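Here's the structure we're looking at; comments come further down.
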C-alpha cells in the first residue's frame, strides 16, 4: 500500500514539474518575442513558415505547431492586418490558402530567432550533452504517451520518422541562426534600460 502511495506521489510530482517547466519556458518565450514587438503566437507562425521553406498551408502550420486549424487561422488573420504575413489562394483549388512571410515579418523574425536560441542555450547550459540526450528521450516518451491519450490509433513509429525528417530541417536552421558569426540580436528592452540609466 505504501509503495502505491509513493508511486502516485511520484507521478504527481513529475506532472507538477513538467507543468511548471512548461509555464516558465512559455514566460521566457513570451518575454523574448515581446522584446522585438511580436507575440509568441506570431513568432511561432513566422518560424514555422520559415522552417517549412516558404508559403505554407494553414493546415501544415497548425500541424507543425500542434494547434487547431481554426486557432492558427485567427492568428494569421491578425498577422495579415499588421503586415507580418501575406495570404494567397491556390490557383487550382481556391479552398486552399497559403500563408507567406512579408518583408516586415522576415525582418522581425531574424533578431528574435537569435535571441530565442541564446535564451534556450542559456537555460539548458547546466546540462551535459548526455543529460540533454536523456532529457530529449524522456520528453519524447511523455509526448508519445500524450499523443496516444489524445488519439489511441496514432502510429508512433510514423511520428518518429517525421521527427527524424524535421531534425534535418533543424540542422539547416541552426546553420543560419546558431552560428557564432551571425550578428547578435539587439534587444530593445536592454536598449531602453540603458537609455534610462544614461538619461
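What's the center-to-center distance, using Cα atoms, between the stretch 110-131 and the stretch 30-88 in Å?
Computed from Cα coordinates, the inter-centre distance equals 22 Å.
Do the sum for the chain: with -39,500 (n - 2.57) for every DSSP H run of n ≥ 4, divided by all residues, what is the mean residue ellipticity at 222 nm, to the nearest 500 deg cm²/dmol?
On the way: 8 runs with 145 residues, N = 199.
Mean residue ellipticity at 222 nm (helix-derived): -24500 deg cm²/dmol.
State the label only: which of [x] -0.24, -1.12; [y] -0.28, -1.21; [z] -0.36, -1.39 corresponds to log10 I(q)/I(0) by the Debye sum over Cα atoms at q = 0.08, 0.17 Å⁻¹ computed from the shown model?
Checking each listed value against the structure points to [z].
Starting from the eigenvalues of the Cα gyration tensor, five times each then square-rooted, give me the equivalent ellipsoid semi-axes of the stretch 1-118, largest first, whole Å. Can you show the working numbers first?
Details: eigenvalues 252, 73, 21 Å².
Over the Cα atoms of the stretch 1-118, the ellipsoid semi-axes are 35, 19, 10 Å.
In what sequence do 79, 74 fall when counting other Cβ within 10 Å, fewest first? Walk me through the intermediate numbers first.
Numbers: 79 24, 74 12.
In order of increasing Cβ crowding within 10 Å: 74, 79.
Residue separation times 0.36 nm, minus the C-alpha to C-alpha distance between residue 171 and residue 87: what's the value? Write down the numbers at each step before the final one.
Details: separation 84, 0.36 × 84 = 30.24 nm, distance 2.79 nm.
Working it through step by step, the gained length comes to 27.5 nm.
Spin-label point model (7 Å from Cα, Cβ direction): what's the residue 137 to residue 95 distance in nm?
That separation, rounded to one decimal, is 4.5 nm.
How far apart, in nm, are two points set 7 Å out from the Cα along the Cα-to-Cβ line at residue 11 and at residue 125?
The modelled label-to-label distance comes out at 3.8 nm.
If contacts are Cα pairs under 8 angstrom and at least 6 residues apart, what is the relative contact order of the chain in percent?
Contact order relative to length: 20 percent.
I'd like the FRET efficiency for residue 28 and residue 78, computed as 1/(1 + (r/R0)^6) with the beta carbon distance as r and R0 of 30 Å, rounded to 0.05.
Numbers: r = 23 Å, r/R0 = 0.76.
Taking R0 as 30 Å, the efficiency between residue 28 and residue 78 is 0.85.
Laboratory data are not the source of any read-out in this text; all were calculated from the coordinates shown. Please read these numbers as outputs of a predicted model, since none were measured by experiment. Heads up, the Cβs are rebuilt from the backbone with ideal geometry, glycines too, and the neighbour counts pull from every protein chain shown.
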